[in-house]
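A short write-up of the structure that comes next.
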Amino acid sequence: MEILKGEEIMCLIVHSDVSDYSYLLDNQKILDGIADRNPDGFGVMYQVNGVTKSSKGLVSKGTIRKIIEKIHNSSPNPSFLHWRLATSGKVDKDNSHPFEIGENTFIAHNGVLGKEYQPKGDDRNDTRVFLDKEMLGKEKLIFDKAFKKDIEAKLGNKNKLAIMSGDKYTIYNRGKGIEYEDLWFSNTYAWDYPKSLKWKDNFMDWKDYDIIEMDGFVRDNPTVVSDFLYDYGITLKDLEDYKNELQYNS
C-alpha cells in the first residue's frame, strides 16, 4: 500500500490486553507486510506473574511469527509488539525496542522526536536519547498524572510510548493510535491498514455533502470529517484532492 500523504514514516507498536494476536497470525500477508516496512528490529514486552519480561533483536520474519505465537499461546496477560524502522541511530539490537529505563520497567516508542534528541555522531536512536534525558531512573513516576502530562507535551501529537512496569502498563498518547480487530495499533501507515484501502468507496456515499470549502478547509460538519479521517487513516488533503477529482469528472 502506498504511504498516505502527509504522514511520517515511523515504526509500529501493536498491543493486546490479553495477548490475543489472532488477527495477525491469521493474516500472514499483513504480518509480513509489517516486517517489510519496518525491517530494522523487533521486540516484545509482556507480563508473567506480575513481572514484566522483554526480548528484542534483529530477527527474521519466521522468528517474529514464532515469538508472537509463543506470547499468543501463553497466559492471557497484556503485551506489546514493536517493529522498528530506523530514522536515527545504528541498526542493531541495542537500538531495537523496548528499552529498560529502571527496575522492571520497559518502554517502546513510535514516532520521530525533535532534533534535540538526534545529536550528530550519536549511535543511539532518538528514542534512547529521549529516554536517557527525560525518563531514565524515573520508573516510579510512570503512572503519575502530572509526569505523564509533561512527557506527552514533550512528545507532541505524533509520538506514542508503550510502557510496562511490573504488573502494570500504560500508553502515553494512546488516543493517537487506533483500535482494530481487538488490538491497538500505534498508527495506520506503517502497515496495510485495511480500511484505508477502501476510503474512496465510502466517501462516494456522502460526496454531495459540502464537507470541505476550498477557502481554508472550513468544514460545515467537523465531527463527520474528523471521524472519517480517524477511521480511515487519511489526511484532509486526501479528501480535498478526491473531492476535486469527483467535481472534475462530474
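The values are calculated or read from the model by the stated rules, or taken from the named source; none is laboratory data. All figures in this text were calculated on a predicted structure; none of them were measured in a lab. All Cβ positions, glycine included, derive from the backbone under ideal geometry; neighbour counts span all protein chains shown.
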Tell me which residues, restricted to region 47-75, are under 18 Å from TRP184 (Cβ atoms) and free of Cβ contacts under 8 Å to residues at least 60 places away in the same chain. ILE68, ILE71, HIS72
Some residue of region 97-106 being within 18 Å of TYR172 (Cα to Cα), exposed (fewer than 14 other Cβ atoms within 10 Å of the Cβ) and at pLDDT below 95: no
Just to verify a result, which residue in region 157-177, among those that are touching an Asp or Glu at 6+ places or on another chain (Cβ under 8 Å) and farther than 14 Å from LEU131 by Cβ, is surrounded by the most Cβ atoms within 10 Å (Cβ to Cβ)? ASN173
I'm trying to understand the selection: among the residues of region 170-182, which are within 16 Å of ALA108 (Cα to Cα) and assigned to a strand (DSSP E or B)? THR170, ILE171, TYR172
When the residues of region 143-156 are narrowed to those that are more than 19 Å from the chain's Cα centre (by Cα) and of a type in the set (A, V, I, L, M, F, W, C), which ends up surrounded by the fewest Cβ atoms within 10 Å (Cβ to Cβ)? ALA146
Single match in ASP36, ASP17 (criterion: loosely packed, with under 15 Cβ neighbours inside 10 Å, under 17 Å from the mean Cα position of the chain (by Cα) and under 22 Å from LYS176 (Cα atoms)): ASP17
Among the residues of region 1-29, which ones are within 22 Å of HIS109 (Cβ to Cβ) and either in a loop (DSSP other than H, G, I, E, B) or at pLDDT below 95 (or both)? ILE3, LEU4, GLY6, GLU7, GLU8, ILE9, MET10, CYS11, ASP17, SER19, TYR21
Scan region 72-90 and tell me whether some residue there is among the β-branched types (Val, Ile, Thr), modelled with pLDDT of 95 or more and surrounded by 15 or more Cβ atoms within 10 Å (Cβ to Cβ). no
